[in-house]
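Below you'll find the structure, written out as structure tokens, and then a few comments.
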Amino acid sequence: MCPQRPNALDKLQSMSTPVATSQTQLMPLRTIVAAAMGMLVILGVVITFMGLDWPFSYTVVGGLIVANILAFTAAEVVGYRTPAAPTGDPERARAMGLQQLRSTTITRMALTEAPGLLALLAAFVTESVPVYLIGAGLALLSMAWHAWPSRRVAGKLERSLDREGGRSQLSELFGGTSAPGYQQY
């Protein structure tokens, strides 16, 4: 049986199919995180113009600060745990690294966004704008630190994945070097 020669349509399709770059692989994940962060900002604008008062409840704000600290700590402790990348199969290790980046980012995003949603509830209960602005503002900072796909996050995740000798090469998505024991931030 002789091999089939590619026709003009096959050549055109191969030329028009873009090669997946690191930015195209990260764009959907960044879009999801940006939408969640943007939602907290938009809710802040809406609450500010809803006619709520500006009383300040130290107890509620203190509770939201504690909730943000707990969420930040939970994201730090739980959000970067991964199974070890397989050794000997670089393609499988790389695919596992991408999958773990996606799944752990969603986990960290959910953990760090929760205090912002609690702040929304607290703002309506107390009828206080500053309660939301403080609680959601801290949640936004926490989300930017833990959920936004960055070189720092990829390096930390890569150390977890590569702990048994597998090479996930996750830092290379962000333009960093992927060498054992060396991570750029």
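Since every read-out is calculated from the coordinates, none of them should be taken as a lab result. Every value quoted in this text rests on a predicted model; they were computed, and no experiment measured them. Counting neighbours? That spans all protein chains shown, and the Cβs are built from the backbone with ideal geometry, glycine included.
Key figures
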item: Listed residue (169, 122, 73) projecting farthest to the positive dipole end of segment 24-174, Cβ model; result: 169
item: In nm, spacing of pseudo-spin labels at residue 102 and residue 49 (7 Å Cα→C-beta vector); result: 3.7 nm
item: Translational diffusion coefficient (Stokes-Einstein; Kirkwood radius from C-alpha pairs) of segment 109-156 at 10 °C, 1.306 mPa s, in µm²/s; result: 142 µm²/s
item: For segment 37-100, fraction of C-alpha pairs farther apart than 17 Å, in %; result: 69 percent
item: Segment 24-174 - Debye-derived log10 I(q)/I(0), Cα point model, q = 0.18, 0.21 Å⁻¹; result: -0.94, -1.14
item: Relative packing of peptides 154-163, 57-66, 134-143 - highest average C-beta neighbours within 10 Å first; result: 134-143, 154-163, 57-66
item: Relative packing of 42-53, 115-126, which averages over residues the other C-beta atoms within 10 Å, highest first; result: 115-126, 42-53
item: Positive-pole candidate from 143, 29, 61, dipole of segment 24-174, charges at beta carbon; result: 29
item: Förster-model FRET efficiency, 22 Å R0, residue 95 and residue 150, C-beta, rounded to 0.05; result: 0.60
item: Extension reserve of the residue 66-residue 110 stretch, reckoned as 0.36 nm per residue once the Cα distance is removed; result: 14.2 nm
item: Net charge, residue 166 excluded, C-beta distance under 15 Å - Lys, Arg +1, Asp, Glu -1; result: -1
item: Spin-label model distance (nm) - residue 87 vs residue 27, 7 Å beyond Cα toward Cβ; result: 3.8 nm
